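The next block holds one structure in the form of structure tokens; read it before the comments.
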Amino acid sequence: MIQQQQKQHQITSFQLIFIVAGIQIGVGILSLYRVTFEAGAGTDAWMGVLLAWFIAQIAIFLIVHLCSIFPEDSLIDYSSKILGRVLGWLLSFTVLGYFLGAAAIISRTFAEVLQVWTLQKTPIPVLISLTLIPSLYLILLGIKAFARFAMVILLLTWWLLLTLVIPLKQGDILNMLPIGHAPLPGIISAALATSLAMIGYELILLFYPFIDRKRDVLLSASIGNGLTGLAYIFNVVTAAIFFSPADVPNQMWPSLQLLKVIQFSFLQRVESIVLSFWLLLVVVTVAGYYWASAFSLYKLINMKSFKLSAVVMAPIIFIVSLLPRDINQVTDIGDKIGTAGLILSFSIPILLLTVRYLKKWRSK
Amino acid sequence: MNPEKLKELEAKINVIHKDIETNLLIVEAFFQDSELVSKRITNAAKKKVLYGLVYLDNSVDNALINRDVLKLIRDHVTKNSPRSQVIAELEDSIANISQVYSLDEAMDFLVQGFVIFFAEGIDNAWVMELRGFPRRAIKEPETEVQARGPKVGFTEIVGENMALLRRIIKSSELKYKTFIIGTKSKTIVVLAYVETLLKDDVLQEIEKRLNSIKTDAIIGSGQLVELITDHPGSPFHQILRSERPDRIAADLLEGKAAIFVDGNPDALILPATMPMFFTTLDEYNTTWLFGSILRLIRWGSFVIAAFLPGFYIAVVSVNHEVLPIEFLIIISESRTKVPFPPILEALLMEVTIEILREAGIRLPGALGQTIGIVGAIVIGDAAIRAGLASNIMVIVVAVTTIATFVLPVFEMQLSLRFIRFPLMVLASMFGLVGLFFGISILIAHLSAMETVGKPYLSPIAPFRTTEMQDTFVRLPFFSITKRPSSAKDIKRQVSNRRKK
Amino acid sequence: MRTSRMRFITLNIFLILTALLQVGCWDTAIIEEKGFILSAGIDAIEDDPEMYIFTMTAPVFVELATKRVEVLSTRAHSPLEAFVFFNKVGGRLYFADLFQVLLINEDVAIRGSLLTKFDFVYRDPKVSSLAYLLVSQGTAKEILDTDFQDKNRIAIYLTNLIEEGAVGGLVHPVNLQSFRQAAMDSVHGRDPIVPMVRKLENSIHIDGAALFRGDTMVGKINENEYTHFLILSGKGFPTVFYHRGEATYGLRPQSIRNSITPRIMDGNIVFDIKVNLAVNVDQSFGNTASDLSNQKHKENLEAEVAEFLKGEFLKTTKKLQEFNSDPLGLGKRFRAKYYRVFSEIDWREYYPHAEINIDVKVKFISHGIIK
């Protein structure tokens, strides 16, 4: 019995910090400043990010509250308990599709970035498999390995933020001034536009039963989300100081363009190196969504083993990621996936909690 | 021996017969055509066999048998003393003597080098330890040289090793458990641990694994490693081998277990974590500041040895843009004559180095060193002159190889040699991205591994703040107040230096 | 048993996937077989406003080659067109990964809209953004084509010239990235200023700077004015010379603290520029040179120098206003403070008439080891 419980509780709540942050930080940050800028926040993009962080925090609160009602079950288990079989199945299926799409679109986006920035001639399918193969390997090794992996990667990559200091020094604070001239609707729409960069916390819906100390989950997830928020705000502020506001809409990936000016006596063009390091972070993100989709499939149709469902999922994700025609479509779908994530992470807890309380109230 | 006879004899070996002759005949039948010596001691009239001695020639110390056993019995036989007196005196004069109640058991002792003693009319026998194996002197192990510290290494005899360990941990808490493994070799395997520190479930798991081994023979301890390790397919070793008693003692006191295999001058430590492969006692034998520097040098060398060739190849064949212009000119100029792509050039040099290294090990002492130096200098220089390799590549390969040797544990050096090559190939195809693709798989692999329930990457992942004090650096002893979390008793006795 | 079979299957899948990955080395290109464009130059052709002469240099690594640098030149409409041509004649593929210097002839800069012309340079992420931008008096081709025997390869010579100049505070380097930011900022009230170079007998001389409005060159300032601009903007600390009677003083700023404050007074835009200079006196000679250890003399001299510099600064800013080029970023500061006003007016109409007050304070902090 004890052993069984130990087997179940494979993630420590401390590791959850890194899981949440690792899954959140993916490809979204690469275009974060342009996206928020264009959405209407202008040079006040950091306010939009701050708001987005706050929205994510509310979503985390709702999700953890929902999960704490069924501490040993995942979303797929209790959605049918609350909503009934058909509706629950439908919801689980939607969630599965969302996870699948997120995994596919993130690895595809990163493949496009890689192709543009360093590996021009390498075909897209190969670049996609550069992130999918480690993810597959990782989730076959189990969720424990995933948790540790996320942590090691975050420890290995946090210093990348320090490279931003150089563009920060080269930039001109005047670019960011005046502060606060963006209209409120612009900031709100900027916050919503960051959704692709912010999503990742909704995976707690599935991770929850595996975490050992449930009472720390909210704190850990919030710290993880906070780290992400800080990294994003730092990035956006640096970009706002570095780029002339007139140039921002032209930059596809401002966060990488920033790094092109870094030069040391022994190394230059740090963006190539950062992009390679970024592969590690994207692997965490893709592996997270990949795990979620494989886990949902495994629970949804009662597969014999999780590994089988992971292996089955691999070609599906691979093919789905190849579906978008070109980079514009990829960006489009990416934004839609982000929005879907935002909607799901609010609607699922609200829907399930409401139905549950209604049922309780009626049975009284 | 034909099968029928074997069957017939096997039916008789679960007891000891009162009749000496029967016993001796059965044993002789089993050990037909071997170095068995069976001695029958008869009374003065030379009519009746009174006592019997059976042992394996050269496995026992003849002088001891002559002095302590044969002379004593002979005297009593001459004096016609009663049997009970002989046995009582024998039991008193031999240190390690015990009774056995079946021939089967007796023969198990026999093969370990014990002497069996039979007495007429008594249905049990005695086994005496009068072993006299050929042995060598205790020397400092050549593969694990340390700047300071005891110059003592294990020998091939397990008993001596146990004694060496006991000299360091003089406590009744140090326990030894003996296992006999191998249906043919009957190798003695001893599990050593400190009772109050090793966790019970770890102990049980190790015992279970040792008991479940079914094999003909254990010759080397490396064989045992493969039989009890969790991930035999991994390029990383999860069980540490050491020839130094002080190192083993230090690890036992951290809550690990050690396994001795008779006939091998080393012990296996488990559960081993990755940071343990970067540790020697040198860091503890100096002040913490220098100890920390030593540690950092080792981790740095690991990174260099694993990733430098891959990084160089990535930069030279794909990601040229990261090189400042001065470097570009140096590298390009040195490569103008080289007809190979960088990956081929690197593989050529690396393989040459590996061959030299292998050759150096096989050749006797001084000659091996000569081959190493001559090979490295002559081949390296000639390759550059001939235009088969560039200067920079030779430097990269040389630095990599030297960095490999910094790691104190031979097994980790082997792992490094293995992981370097795939990374080089990936780097030549995808540049830095390919290198990090390889690294992500490597980290995934490392973070998944566990040895007897202890994560391999501990204390890095899962993160343990208290253990980090003794991982990449070594903080002063008085600040390390905790043992690794895998120990049963985590609290460590520390000096009260700070409170003064 | 089942788990081991599972493991076997997954292992095989990995092997197959890895084998698939191994099929190609798409982006592998061996370093010494590539041609690295280190510097490029653009010259105008007088009779055709759409045509330019492009020149590029790449280091040569071939053994027994007598020249260190390969120089190719062609007429083309755009950089990419020239680039394609170079690939056809060079015998190796050229890359701009390590692009160091871009030289633009004055006439090209005056023709303008450089950003659109350099579209290729900014669009391709492989092209280094670190390349320095220089405006050349005289053709760029002439500079690039010369082998300065006692200097490094031309591109590296130019790079070092700018970088070391920046260390000495003599020049403010402009690279492709910062030029783009400044040129884009034109609508927000900031313009690029690019150092100019001129070929001498056996060297290259940094001689003044080109003023831009947006990405079009509108005028130039001489060496002296560039010096004053550098101090005024705090981007450099070049030595200024002050003559008084027969005495000549060489003054090197040690630290510069500037503040530019915009304000609106009676519907006029006013900028108050305060310059606080702490200078070293590196040279002081002549019959009437003051005794600098005398506090009174020193203070007098400080006030005189401040007054002199104020006049020079005003002349410089006047010139900038005349060209309607705003390298000091005055407009940007105004925009930061009066955002609403700025977005309602056409800054370019107001800038030449803006009132600029300059207040200079000079302090001598050291005069060496001679009184």
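The values are calculated or read from the model by the stated rules, or taken from the named source; none is laboratory data. From a predicted model like this one, the values you see are computed outputs, not experimental measurements. We place every Cβ from the backbone using ideal geometry, glycine too, and count neighbours over all the protein chains shown. Only protein heavy atoms, including side chains, enter the accessible area calculation; ligands, DNA and RNA are left aside. Shrake-Rupley method; radii C 1.70, N 1.55, O 1.52, S 1.80 Å.
A few notes on this one:
- Of C:Met196, C:Phe212, C:Ser233, farthest towards positive along the dipole that unit charges on Lys, Arg, Asp, Glu beta carbons give chain C: C:Ser233
- On the beta carbon distance between C:Ile264 and C:Met51, with R0 = 51 Å, the FRET formula returns roughly 0.60.
- Multiplying the residue separation of B:Leu296 and B:Asn14 by 0.36 nm and subtracting their alpha-carbon distance yields 95.5 nm.
- Every Cα-Cα pair in chain B was counted, and those over 30 Å apart are 61% of them.
- Residue order for A:Leu218, C:Leu144 - accessible surface, 1.4 angstrom probe, largest first: A:Leu218, C:Leu144
- Accessible area of the protein assembly as shown divided out per residue, in Å², using a probe of 1.4 angstrom: 43
- Take the Cβ atoms of A:Ile301 and A:Lys359, set R0 to 25 Å, and the FRET efficiency comes out at 0.40.
- Buried on complex formation within the range A:172-190 (loss of at least 20 square angstrom of accessible surface versus the isolated chain, 1.4 Å probe, ligands and nucleic acids ignored): A:Asp172, A:Leu174, A:Asn175, A:Leu177, A:Pro178, A:His181.
- When the surface is traced with a 1.4 Å probe over the full set of protein chains, C:Val71 keeps roughly 40 Å² accessible.
- Along the axis of the charge dipole computed for chain A (Cβ charges of +1 for Lys and Arg, -1 for Asp and Glu, origin at the Cα centre), the listed residues A:Ala104, A:Trp291, A:Thr238 are led at the positive end by A:Trp291.
- Leaving ligands and nucleic acids aside, the A/C contact buries around 3300 square angstrom of accessible area in total at a 1.4 Å probe radius.
- Rounded to the nearest 10 degrees, the inclination of helix B:365-374 to the longest alpha-carbon principal axis of chain B is 10 degrees.
- Protein accessible area in the range A:91-184, 1.4 Å probe - carbon and sulfur %: 75
- Helix-only arithmetic for chain B: the sum of -39500 (n - 2.57) across DSSP H runs with n ≥ 4, divided by the residue total, places the mean residue ellipticity at 222 nm at -14500 deg cm²/dmol.
- Interface burial for B against A (accessible surface, 1.4 Å probe, total of both chains, Å², rounded to 100): 2700
- For the range B:413-435, a drop of 40 Å² or more in accessible area on going from the chain alone to the assembled protein chains (1.4 Å probe) is found at B:Met429, B:Phe430, B:Val433.
- For the range B:22-93, the calculated P(r), taken from all Cα-Cα distances in 5 Å bins from zero up to the bin holding the longest distance, is 3, 14, 24, 22, 21, 12, 3, 0 percent.
- The sum of -39500 (n - 2.57) across all DSSP H runs of n ≥ 4, divided by the residue count of chain A, sets its helix-only mean residue ellipticity at 222 nm to -24000 deg cm²/dmol.
- By accessible area, using a 1.4 Å probe on protein heavy atoms only, the range A:218-364 has 69% of its surface on carbon and sulfur.
- Among the listed pairs C:Lys220/C:Lys298; A:Lys169/C:Lys141; A:Lys214/A:Lys299, those beyond 25 Å (Cα-Cα): C:Lys220/C:Lys298; A:Lys169/C:Lys141
- Summing charges over all other residues whose Cβ lies under 15 Å from the Cβ of C:Val362, with Lys and Arg as +1 and Asp and Glu as -1, gives +1.
- Each Lys or Arg adds one and each Asp or Glu takes one away; over the other residues whose Cβ falls under 12 Å from the Cβ of B:Pro232, this sums to -1.
- Placing pseudo-labels 7 Å out from each Cα toward the beta carbon at B:Asn58 and C:Gln137 gives an inter-label distance of 10.0 nm.
- What you get for the range B:393-500, charging only the Cβ of Lys and Arg (+1) and of Asp and Glu (-1), is a dipole of about 880 debye around the Cα centre.
- Estimated buried accessible area (total), pair B and C, 1.4 Å, Å² to nearest 100: 2100
- Measuring with a 1.4 angstrom probe and ignoring ligands and nucleic acids, C:Asp150 comes out at about 110 Å² accessible.
- Rounded to the nearest 20 debye, the dipole magnitude of chain A is 1280 debye, with +1 charges on Lys and Arg beta carbons, -1 on Asp and Glu beta carbons, and the Cα centre as origin.
- Scattering from the range C:49-138 was approximated by placing one identical point on each alpha carbon and applying the Debye formula without solvent; log10 I(q)/I(0) at 0.19 1/Å stands at -0.99.
- Nearest 10 degrees, 0 to 90: helix B:158-168 Cα axis against chain B principal axis: 70
- Rolling a 1.4 Å probe across all protein chains gives C:Ile193 an accessible area of roughly 10 Å².
- Sites C:Thr10 and B:Ile330 - FRET efficiency at Förster radius 56 Å, r taken between beta-carbons, to 0.05: 0.80
- Contact residues in the range C:306-334 by the 20 Å² criterion (accessible area, 1.4 Å probe, full protein complex versus chain alone): C:Lys332, C:Arg333.
- At 0.692 mPa s and 37 °C, Stokes D of chain C from Kirkwood alpha-carbon radius, µm² per second: 138
- Helix axis angle, C:154-167 relative to chain C longest principal axis, alpha carbon, degrees: 40
- Each 5 Å bin from zero up to the one holding the largest Cα-Cα distance in the range C:271-359 carries the following percent of pairs: 3, 11, 18, 18, 12, 10, 9, 8, 6, 4, 2, 0.
- Note that the protein assembly as shown carries a Kirkwood radius of 36.6 Å, evaluated over its alpha carbons pair by pair.
- Contour excess over end-to-end distance, with Cα ends at B:Ala386 and B:Arg148 and 0.36 nm allotted per residue: 81.3 nm
- Charge dipole of chain B about the Cα centre (unit charges at C-beta), most positive-ward option of B:Ile157, B:Ile377, B:Phe278: B:Phe278
- Note on B:Ser98 and C:Asp147: their simple-model spin labels are 9.1 nm apart, each label 7 Å out from Cα toward Cβ.
- Residues with amide H under 5 Å from that of B:Ala119, placed H, sequence gap 5 or more: B:Gly52
- Summing +1 for each Lys or Arg and -1 for each Asp or Glu among the other residues whose beta-carbon sits under 14 angstrom from that of A:Val320 gives +3.
- Each Lys and Arg adds +1 at its Cβ and each Asp and Glu adds -1 at its Cβ; summed about the Cα centre, the protein assembly as shown shows a dipole of about 3680 debye.
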